[in-house]
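Step one of this worksheet: look at the structure below.
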Amino acid sequence: MRLRGFLLLILVIGAIALLNTAGQILALYIDWLWFREVQFTSVFLTVLRTEVLLGAVTGAAFFLILYINVLLGRRLTPRDAIVVADDALGLPSPEVLEPYIRRLALPVSAALALLVGWAGTGRWELVLQALNPTPFGIRDPLFDRDVAFYVFQLPLWNSLYGWLMRALVFSGLAAIAVYLCTGGIRVSPRGLAIARRARGHLLVLAAGLLLLKAAGYRLAMFDLLFSQRGVAFGAGYTDVNAQLPILKALMVLAGVSAALCLVTIRLRSWRPLLGGVAALVGVAILGGVVYPGVIQRYQVSPNEIVKEKLYIDFNIRYTRLAYGLDNIEEREFPADQALTLQDLRKNDATIKNIRLWDTRPLLATYSQLQEIRTYYKFTDIDIDRYIINGEYRQVTLSARELSSKDLPSRIWINERLTYTHGYGAVVSPVNRVTREGLPEFWVKDIPPVASSDLRISRPELYFSELANDYVFAKSRAKEFDYPAGDQNVYTTYEGQGGIPLSSFGRKVLFAAHLGDIKLLLSNDLTPDSRVLIYRNIRERVQRIAPFFRYDDDPYMVISAAGRIVWLLDGYTISDRFPYSAPTRGLGNYVRNAVKVTVDAYDGTVRFYVADPADPLIRTIARIFPGLLQPLDAMPADLRAHIRYPEGLFRIQAAMYAVYHMRDTQVFYNKEDLWSLPIRPVDGRERAMEPYYLILRLPGEPKEEFVLLIPFTPSKKDNLAAWLAARSDPPNYGKLVVYNFPKQKLIYGPRQIEARIDQDSFISQQLSLWSQRGSQVIRGNLLVIPIERSLVYVEPLYIAAEKGQLPELKRVIVGFGDRIAMEETLEGAMARVFGGQSLPAAAAAAPGPPAGAEVSVKALLDSAAAAYARASEELRRLGELLQQLRGAGKR
């Protein structure tokens, strides 16, 4: 009965495994069809071949190790079987158990080998990289090996070591179990008895484990380069002078113990082996834990800077190399306060492109003004630059995506056949505002209407950030295109994206894979219909190339032909760069090595090499020929919109705040530690975010698109420096840091915010708005370098207390000791710098005609502002009179 129950359990497990295997084969076939659609079958086949080969090798190796040991356990027992009457374990006699072992040894070993082989397929990336390493040309300072060994090969060696250790331990336990069942090992009240051949077998296994452990100690020496024991990341004084010698001793002791295992086969006594193992365990505990701790506490800590100086230098050098900080160009920035209106006019292109619209209020405004229908959503604001009517302009863009969860009726035909795509986008200049305080649109509405030379000719968004998992195109059902008044306009998909449902058999396979029986029951699907899967752009590129890490902020580009194309930044990363300080969730090496484009209409994906000097991208190019193209192969109209990724810039800025200090003493004492500026946002203190600007860097001949972030000294609010990443050719990817004079006070964002709050005119105006039931939203404070000076700009938005339509009402400008708030940027700058307003080209957008009706709210706002300004002037005049009277009395 027990045997029948056991066999039934085996059959159930086999059936489940068979169904799971069938599901995996089906998923593999669907993936093959999809990779063929996106034209990356070479990637699919390379990974598949490697997975199959790796699964076969690991499965076969595990089967041989396990089955041979089980077989030896059966065959080595009979001649020396020990029979005792009082078995302490209470097991049945060997005659009862041996037939079960004989029948089950092969199938159980094979089943376990299949599971191990299946698990082993996930190591394909480690194997391919280890077989195709690219030298870094940088050697580690401890073992003098190229960094490529640690990045490409050491992970595989560590993985192989762990796999072999688990396989040998499991096989040893299986052999012990067999010996217990067949009489090779007996446990009685008098003690443990082991047959001679069983003892020899187990000692050979123990010798193998100890030799493998010796190899593990050798690998552990390399892992010291990633130690976190010392004052800086990487091997420190204690690791090099205490831990490393102990590891060498342990490696020798493990080898000696392995030899003693083999010698003990011929000896009657266990003492030599037990002595060797005891020495190994003792040295591992005392030498591996206690001794380094004593050295660290009593020798290093009292004189840390002297002992760790060399290793701190290693940490600084290799961290700067790993994050690309060694290529940052350092310049001085005097932060003069001699800026004039004439200087501003010389930098007219910068003034025109100062961003007055923050992403959060702008997204809310876009949603209220341009979503048109409840099922359209704007999910993100992208910032880019275009040549508009012959001028280099910075703009904000957002795609109008379809949100299937917000459809008025979420029936199958609506989600899968009718509502298949988003439609169009909106584009606004970053600094243009209507008289009502709303953004001016250069592209808006459905169908897209353009008021500039920027046109969208293919507005359908079948592939986007918000797209659901799959839809069907080219069906008999009407495919919704866009709303037109009380009616809808319908369309038929004309792209080549999607997998054809060319036969009933393929429909059955997709129905099974997607778990969608309605696919088979629908009469709207024809042999010409196509199923579009993996429509989320991040999931799409991740599916093709999972070995890259992708930036969290894809952005849309309108091509010269009017198509919408998504651009994504891909990173090559590693956590195995010696001595480089790690970043949580990333690793300790990163490069923006890849630019990816995804066509929003047909889903075409292309990968371009952005950093050909990166060893990781060169290795990937060798593994997957045909996957990557040179950046010059990207269409010129798209290449003009590549930008330095904000995600990488944040990481580098955080690292540079610490690792700009290259002097060991200064680094150790954190004497010149920087941090990102802190400013209040929605009542909470938050670190300042990087922002894109069009400006002319000091000493450069023309304006360019840069990503910028200022730094403050740690726990201080004044500015210490600002870091800029350049995005325009031929300087794409170059980083420049501008250091401020240390003997000079340069206001930081929090200090400017405090001065704004202390200005009586501004605070009175803010209080007045708040008292009238409005919500005042303070935008991001921008620190803008112009010539050799800094200008601070902060927009103010007003929204109804329960409303969701923020309006830009005021702009605050700061320079030196002067602060001004006006209705326009130009007016505020004119007040700060004196004289006439800036050229009209930079002014706000024209409002309604003179005869147009003006709202009561606008009149009240204007009257309140005029009253507040008059009150402020009277106050200042009173202070001046008081000063004159005091001077007269003296």
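Yes or no, residue by residue, for (1) at pLDDT 95 or above; (2) more than 15 Å from the chain's Cα centre (by Cα):
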| position | (1), (2) |
| --- | --- |
| ASN536 | yes, yes |
| ARG543 | yes, yes |
| ARG549 | yes, no |
| MET556 | yes, yes |
| VAL565 | yes, yes |
| SER574 | yes, no |
| LEU586 | no, no |
Problem set entry | Segments classed as helices (runs of 4 or more DSSP H), wholly inside the range 301-398, with at least 2 members that are within 27 Å of MET829 (Cα to Cα), open to solvent by 10 Å² or more (accessible area, probe 1.4 Å) and among the basic types (Lys, Arg) | 341-346
Exercise. If you go through the range 447-456 one residue at a time, do you hit one that is in contact with a helix residue (DSSP H, G or I) (Cβ under 9 Å, 6 or more places away or on another chain), modelled with pLDDT under 90, surrounded by fewer than 23 Cβ atoms within 10 Å (Cβ to Cβ) and not basic (Lys, Arg)?
Worked result: no
For this session: Take the residues in the range 160-200 that are of a type in the set (Gly, Ala, Ser) and within 26 Å of ARG123 (Cα to Cα), then tell me which one is surrounded by the fewest Cβ atoms within 10 Å (Cβ to Cβ).
Result: GLY162
Problem set entry | Checklist (1) touching a residue at least 12 places away in the same chain (Cβ under 8 Å); (2) within 35 Å of the chain's Cα centre (by Cα) applied to ALA830, failing item | (2)
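Test GLY562 against the stated conditions and say whether it is over 21 Å from ASN468 (Cα atoms), open to solvent by less than 40 Å² (accessible area, probe 1.4 Å) and without any contact (Cβ under 8 Å) to a residue 40 or more places away in the chain.
no
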Exercise. Do we find a residue being in a strand (DSSP E or B) and in contact (Cβ under 8 Å) with a residue 40 or more places away in the chain anywhere in the range 761-772?
Worked result: no
For this session: Name every residue in the range 285-313 that is in contact with a helix residue (DSSP H, G or I) (Cβ under 9 Å, 6 or more places away or on another chain), β-branched (Val, Ile, Thr) and closer than 13 Å to ALA242 by Cα, in order of residue number.
Result: VAL294, ILE295, VAL300
Exercise. How many of the residues making up the range 650-708 are assigned to a loop (DSSP other than H, G, I, E, B), within 22 Å of ILE756 (Cβ to Cβ), touching a residue at least 40 places away in the same chain (Cβ under 8 Å) and of a type in the set (D, E, K, R)?
Worked result: 1
Exercise. Do you know which residues across the range 576-597 are in a strand (DSSP E or B) and out of contact with any strand residue (DSSP E or B) (no Cβ under 7 Å at 6 or more places or on another chain)?
Worked result: THR583
Problem set entry | In the range 435-457, the residues that are under 17 Å from LEU808 (Cβ atoms) and either in a loop (DSSP other than H, G, I, E, B) or of a type in the set (Ser, Thr, Tyr) (or both) | ARG435, GLU436, GLY437, LEU438, GLU440, PHE441, TRP442
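If I ask for residues that are among the hydrophobic types (A, V, I, L, M, F, W, C) and under 20 Å from VAL783 (Cβ atoms), which ones from the range 363-385 would you list? Walk me through it before giving the result.
Residues of the range 363-385 among the hydrophobic types (A, V, I, L, M, F, W, C): 363-364, 369, 372, 378, 381, 383.
The answer is ILE383, and nothing else.
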Exercise. Looking at ARG535, ARG543, which is the one that is open to solvent by 40 Å² or more (accessible area, probe 1.4 Å) and among the charged types (D, E, K, R)?
Worked result: ARG543
Seminar exercise, completed: The correct count of residues that are of a type in the set (Phe, Trp, Tyr), touching a Ser or Thr at 6+ places or on another chain (Cβ under 8 Å) and over 16 Å from ALA720 (Cβ atoms) in the range 631-666 is 1
Exercise. Right, VAL252: of a type in the set (A, V, I, L, M, F, W, C), without any contact (Cβ under 8 Å) to a residue 40 or more places away in the chain and closer than 26 Å to LEU164 by Cβ or not?
Worked result: yes
For this session: May I ask you to list the residues in the range 627-645 that are over 25 Å from the mean Cα position of the chain (by Cα) and either aliphatic (A, V, I, L, M) or not in a helix (DSSP H, G or I) (or both)?
Result: ALA633, PRO635, ALA636
For this session: Might you check whether a residue that is at pLDDT below 95, in a loop (DSSP other than H, G, I, E, B) and more than 21 Å from LEU402 (Cα to Cα) occurs anywhere in the range 488-501?
Result: yes
Exercise. Within the range 296-306, is even one residue more than 30 Å from ASP614 (Cβ to Cβ), of a type in the set (Lys, Arg) and touching a residue at least 60 places away in the same chain (Cβ under 8 Å)?
Worked result: no
Exercise. How many residues, within the range 806-818, are open to solvent by less than 30 Å² (accessible area, probe 1.4 Å) and part of a strand (DSSP E or B)?
Worked result: 7
For this session: Report, ordered by the first and then the second residue, all pairs with beta carbons closer than 9 Å, sequence separation of six or more or different chains, a first member in the range 507-523 that is open to solvent by 70 Å² or more (accessible area, probe 1.4 Å), and a second member that is in a loop (DSSP other than H, G, I, E, B).
Result: ASN523/ARG476
For this session: Please verify whether the range 269-291 includes one or more residues that are charged (D, E, K, R), within 27 Å of PHE170 (Cα to Cα) and in a helix (DSSP H, G or I).
Result: yes
For this session: Hey, can you tell me all the residues within the range 710-762 that are farther than 23 Å from ALA338 by Cβ and among the hydroxyl-bearing types (Ser, Thr, Tyr)?
Result: THR712, SER714, SER727, TYR732, SER760
For this session: Go through (1) closer than 29 Å to ARG373 by Cβ; (2) in contact with a strand residue (DSSP E or B) (Cβ under 7 Å, 6 or more places away or on another chain) and name the single condition GLY485 misses.
Result: (2)
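Is it the case that some residue within the range 239-248 is among the small types (Gly, Ala, Ser) and open to solvent by less than 40 Å² (accessible area, probe 1.4 Å)?
Yes, the range 239-248 contains a residue that is among the small types (Gly, Ala, Ser) and open to solvent by less than 40 Å² (accessible area, probe 1.4 Å).
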Exercise. In the range 76-129, which residues are in a helix (DSSP H, G or I), at pLDDT below 80 and surrounded by 16 or more Cβ atoms within 10 Å (Cβ to Cβ)?
Worked result: PRO94, LEU97, GLU98, ILE101
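The values are calculated or read from the model by the stated rules, or taken from the named source; none is laboratory data. Computed from a predicted model, the values in this text were never measured in an experiment. Don't worry about glycine lacking a Cβ; one is built from the backbone with ideal geometry, like all the others, and counts go over all protein chains shown. What goes into the accessible areas is simple: the full protein's heavy atoms, side chains included, and nothing from ligands, DNA or RNA. Shrake-Rupley method; radii C 1.70, N 1.55, O 1.52, S 1.80 Å.
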